[in-house]
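One structure is given below, encoded as structure tokens.
Just so you know, all these numbers are worked out from the coordinates, no wet-lab data involved. Keep in mind it's a predicted model, so treat the numbers as computed, not measured. Reconstructed Cβ throughout: ideal geometry from the backbone, glycine too, with neighbour counts over all protein chains shown.
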Amino acid sequence: MAVRMKDIARDLGLSVVTVSKVLRDHPDIAEETKERVMKRVRELDYQPNVLARSLVTGRSYLIGLIVPDLLHPFFAEIAKALSSAVRAQGYSIILSSSEEDPSLEAREIQQLLARRLDALVIASAAENATSFERLERAEQPYLLIDREFPELAANFVGIDDIAAGRLATEHLIQQGCRNIAHICGGNHSTGVRRYEGYRQALRAARLPFSESLVTGHIHVDTESIRHGAEAARYLLAQRTRPDGIFCFNDPLAIGAMNAILDAGLRIPEDIALIGCGNLHYDASLRVPLSSIDQRSTMIGERAAAILLNMFSSKKRPQPVSVILNPELVVRASSLRKPARQSGTRASAPCKSSRRH
């Protein structure tokens, strides 16, 4: 028979409440008692009955995370940070992929809700807030990451994407680029805002904007390397070839890098290149990739803090929107002018957080 909490309590001459508090690391239990209980737990290989705990507390201790692509390193890093932060409080993460398909995302939301999860964390592929308005009406806790809906007062954690686009483009301008292309994102907030930052930097430098130097794919977080290569080949075929390219994300930039090098051109001498994401392998590419750091680990940690505060509050807290500063990380792919060192960093001058 499975070992029960009351078996441990009986063996040690303690109450079930005391044993329960020890297992939840409650601060009002003496260290000696904690040690006795945990020793017996290990001896009996006790496994808490999650279903029973859920019935008592009304919580599943499960959080759903829906992202466009489980293989995308940016979302994987967020998932790792989020999981690490909530695991210490007894929560587990259930991962799901929308594959950048709004209808699949809606189905995934419904399936996860059927499991009575305590909250959802979503990097949405949807073009409107309809699904989330339903969650609001159902009073289902949720939090948006990376992509938000400006018309929706919802918990959100992400970076200042306009600043990200501006930082990347300004850097290319400072390196002497004058025909700067953009391999853009989709119609969600991150794609629109990084494009706006790109346009702002061009206007500020009084450089011409050309629609022929802007290209992209509606789905940018799935098969990104292939899409980046296709976009770069399109740009190389233009009458005015770009001398700098800002890519919506790093996987797109990797695809663009492959296409540029395969065409016999040099990076950065012929075309300077910068991505967005600052993924852990950027320094190990054929040409180390300059990028904008999206604070993936911090996004996961801040999201966890909001969720845990939500779970511990007696009243539902007001939505919080946390906007993190993007940071320029310079490597060889864009470095045309001498610098003191590769891998230098510069942050955007923007607010780190705000509340609705």
Item checked: Charge dipole (debye, nearest 20) of the chain; +1 at Cβ of Lys and Arg, -1 at Cβ of Asp and Glu -> 820 debye
Item checked: Translational diffusion of the chain, µm² s⁻¹ [Kirkwood Rh, Cα pairs; Stokes-Einstein; 20 °C; 1.002 mPa s] -> 96 µm²/s
Check: Considering the dipole of the chain built from charges on the beta carbon (Lys and Arg +1, Asp and Glu -1) around the Cα centre, which of Val22, Met5, Ile180 is farthest to its positive end?
Finding: Val22
Check: Using alpha carbons only, how many degrees (0 to 90, rounded to 10) separate the axis of helix 224-236 from the longest principal axis of the chain?
Finding: 10 degrees
Next item on the list: Excluding Ile173 itself, calculate the net charge of residues whose Cβ lies under 12 Å from the Cβ of Ile173, where each Lys or Arg counts +1 and each Asp or Glu counts -1.
Entry: +4
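To check you understand DSSP bridge types, tell me what percent of the beta bridges within the chain (both residues inside) are antiparallel, rounded to 5.
Values: 9 of 40 bridges.
The antiparallel fraction comes to roughly 20 percent.
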Item checked: Helix 161-174 axis, angle to the chain major axis (alpha carbon atoms, nearest 10°) -> 40 degrees
Next item on the list: Counting helices only, and only those DSSP H runs with n ≥ 4, report the 222 nm mean residue ellipticity of the chain as the sum of -39,500 (n - 2.57) divided by its residues, in deg cm²/dmol to the nearest 500.
Entry: -13000 deg cm²/dmol
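Please report, in debye to the nearest 20, how large the charge dipole of segment 5-48 is about its Cα centre when each Lys and Arg carries +1 at its beta carbon and each Asp and Glu carries -1 there.
Numbers: 9 positive and 9 negative charges, 24 e Å.
Taking the Cα centre of segment 5-48 as origin, the dipole is about 120 debye.
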Next item on the list: For segment 323-335, just list the computed ³J(HN,Hα) in residue order, Karplus coefficients 6.51, -1.76 and 1.60, θ = phi - 60°, integers in Hz, with x standing in for Gly and Pro.
Entry: 10, 8, 6, x, 9, 7, 10, 9, 10, 5, 5, 10, 8
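Can you check what the net charge comes to around Pro268, using other residues whose Cβ is under 11 Å from the Cβ of Pro268 (Lys, Arg +1; Asp, Glu -1)? Provide the component values of the computation, followed by the final result.
Numbers: positive: Arg266, Arg331, Arg336, Lys337; negative: Asp243, Glu269, Asp270.
It works out to a net charge of +1.
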Item checked: Cβ-based net charge around Ala114, under 13 Å, with every Lys or Arg adding one and every Asp or Glu removing one -> +2
